[in-house]
Amino acid sequence: MRPQRTQRARVHCFTVTQDGIGAGEEQSFEHPFGHADPGDLFAWAGATASWVNRTDPGGTRGLDDHITRDFARNIGAEIMGRNKFGPTRGPWPNHEWRGWWEDEPPFRTPVFVLTHHVRPSFTLGDTTFHFLDTTPHEALTVAKAAADGRDVRIGGGVTTIREFLEADLIDEMHIAVAPYELGRGLRLWDSPDELTDRFHLERVPSPSGVVHHFFWRR
């Protein structure tokens, strides 16, 4: 009998610039990534045949597509920060805002949104959003239970990933580094080598111009 696979906490298909920035400043309803252009950040993923937001046939194959195919592989739940869900701060003004994703979010699993101002759960399509005011450790425990043996994706944004790294809760990461600098914004790292005390790191350049960084625990 094969041994049961251990659940992992994974970051996958998260993109930063060459200076380590994963989101810009001045986030708003119209600009989810602030002054950063999501078209620049995610052009490599959006061009692939397997990207979760693709609605038309076509798209590129090759290395980038191989990576985007793994976005949902063995994922049973996601944890995200409140500012990935929406741009408001403080108490919810109402419960009408239901995220950036319209009627069919791409997650198709339970999603746990970390916030100090909880609100009732709701379901859109195949995705149910839950709102937790808790620690990374407790959020991961809850998400693993909901994932039913599958992995938990730590979906971002930058602040949430940093919190889970600081709590030493991430088992593996894929970070795509886009070929430009932004100068200011939310920074994941000054250098990816900061993490090599805990993780192996392999860099794989892609013809699209991004460099894929794969981290796994030592």
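Side notes on the structure shown:
- Out of Gly156, Gly209, Gly183, sole residue that is at pLDDT below 95 and more than 17 Å from the chain's Cα centre (by Cα): Gly183
- Among the strands (runs of 3 or more DSSP E) confined to the stretch 100-155, the ones with at least 1 residues that are of a type outside the set (S, T, N, Q), within 30 Å of Glu30 (Cβ to Cβ) and touching a Leu at 6+ places or on another chain (Cβ under 8 Å) are located at 110-114, 127-132.
- Flag for Asp197 being under 22 Å from Met80 (Cα atoms), out of contact with any Ser or Thr (no Cβ under 6 Å at 6 or more places or on another chain) and in a loop (DSSP other than H, G, I, E, B): no
- Residues in the stretch 25-50 that are assigned to a loop (DSSP other than H, G, I, E, B), under 12 Å from Ser208 (Cβ atoms) and touching a helix residue (DSSP H, G or I) at 6+ places or on another chain (Cβ under 9 Å): Ala47 alone.
- Residue pairs whose Cβ atoms lie under 8 Å apart, separated by 6 or more positions or on different chains, with the first residue in the stretch 110-137 and touching a residue at least 24 places away in the same chain (Cβ under 8 Å) and the second acidic (Asp, Glu) and surrounded by 15 or more Cβ atoms within 10 Å (Cβ to Cβ), are Pro110/Glu78; Val111/Glu78; Phe112/Glu78; Pro136/Glu163.
- Residues located in the stretch 20-59, provided they are of a type in the set (Val, Ile, Thr) and free of Cβ contacts under 8 Å to residues at least 24 places away in the same chain: Thr48, Thr55
The values are calculated or read from the model by the stated rules, or taken from the named source; none is laboratory data. Just so it is clear, the structure is predicted and the values come from calculations on it, not from any experiment. Every residue, glycine among them, receives a Cβ derived from its backbone with ideal geometry; neighbour counts consider all protein chains shown.
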